[in-house]
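First the structure, in the form of structure tokens, and then the observations on it.
Here, each number is a calculation from the coordinates, and none is a lab measurement. Values in this document were obtained by computation on a predicted structure and should not be read as measured data. Here the Cβ is made from the backbone with ideal geometry for all residues, glycine too, and neighbour counts use every protein chain on show.
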Amino acid sequence: MTQTPKITQEMVLLYDEYTHVTLDRRRFMDRMTKLAGSTAAAAAIVPLLEANYAHAAMVAADDSRLKTETVTIPGAEAGLTGYLAIPANAAGKLPGVVVIHENRGLNPHIQDVARRAALEGFVALAPDFLSPVGGTPDDQDKARDMIRALDGAATVNNAVAAAAFLDAHAASTGKTGAVGFCWGGGMVNQLAVHSAQLDAGVAFYGRQPDSADVPKIRARMLLHYAGLDERINKGIADYEAALKAAGVDYTVYMYDNVNHAFHNDTSETRYDAAAAKLAWSRTIAFFKEALA
């Protein structure tokens with residue numbers, strides 16, 4: 001019987017540093033090997049930290065309750081596309097929700113999250129922010145390299161264009177929200193700063209915007225953070241102070257004893273089912289109120 005390798009919090013933080021800061025695979029594996037005690041142990045641990053898209057989706061890609069398609073988003077960089085999911089038998093127009101991916105691009109997990117949002121009664125659009133540079137690759141490391149190389153201002157403009165596309169969509173009520181995870185959580189914060197269309201934003205463990213930009217936010221904000229996420233949590237106090245000073249309607253939830261990416265059910269080690277369920281239920285309730 002194969003024994004599951006022991007994964008320590010130090011290993012989780014090392015993986016977070018690698019995927020969000022250094023992107024240096026050789027250095028990461030050298031340090032993981034030291035922590036794990038051997039090359040073999042390190043090789044067994046890393047797949048448990050990485051996302052595994054072979055895990056079953058919560059909503060099947062061919063679910064008959066939904067209509068899905070790939071759309072081209074006007075007003076953005078040439079070639080920006082997105083995955084659109086709409087309830088198949090909607091009685092009328094629905095609010096829109098932009099679903100913004102992590103720093104691994106538009107992968108099967110994020111498409112699944114878009115379908116979940118659609119089944120809750122929203123027109124859900126998950127843009128592929130890598131589509132103007134060839135699209136999201138299967139290789140997660142390559143996707144992270146591509147995300148890092150994106151032009152920041154152009155990418156924010158693409159997010160603004162995605163929100164505008166949903167706002168004007170024939171199936172939409174003209175009320176638009178956005179939810180993002182990790183890199184996407186940071187992008188939701190930027191979208192709130194730059195978009196007049198955004199009515200509500202939900203950032204899962206996302207990088208905070210500059211405090212000087214916070215007074216530009218007009219959307220209602222819901223912010224989810226992981227108690228063990230040392231890197232992102234350093235920015236909470238300044239962000240919250242700026243939100244209060246600017247009079248922004250916001251709510252912060254801290255989920256104790258869980259890691260960055262706790263909502264991603266394809267990441268075996270960092271996923272926390274209880275925290276993910278609670279955060280998602282709060283997200284849907286928030287959107288249903290804010291986008292009514």
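Would you kindly state the longest site-free stretch of the chain, with sites defined as trypsin sites (Lys or Arg not before Pro) in a DSSP loop (not H, G, I, E, B) surrounded by at most 11 other Cβ atoms within 10 Å? For trypsin sites (Lys or Arg not before Pro) (loop position, at most 11 other Cβ atoms within 10 Å), the longest site-free span of the chain is 7-233.
Among beta bridges identified by DSSP and lying wholly in the chain, the antiparallel ones come to about 35 percent. So what is the relative contact order of the stretch 66-290, in percent, for Cα pairs below 8 Å that sit 6 or more residues apart? The normalised contact order for the stretch 66-290 reaches 15 percent. When the chain is treated as a GNM with alpha-carbon contacts under 10 Å, the residue of Gln111, Gln197, Gln140 showing the greatest mean-square fluctuation is Gln140.
Taking a straight Cα-Cα cut-off under 15 Å and skipping sequence neighbours fewer than 8 places away in the same chain, the aspartates and glutamates within cross-link reach of Lys34 are Glu10. Across every pair of different alpha-carbon atoms, what Kirkwood hydrodynamic radius in Å does the stretch 9-49 reach? Every distinct Cα pair counted, the radius reaches 9.9 Å. Computed from the alpha carbon atoms alone, the convex hull of the chain holds 127 Å³ per residue. With 26 Å as the limit on Cα-Cα distance, the pairs of Lys67/Lys288; Lys175/Lys244; Lys142/Lys175; Lys67/Lys142; Lys142/Lys277; Lys67/Lys175 that go past it are Lys142/Lys175; Lys67/Lys142; Lys142/Lys277.
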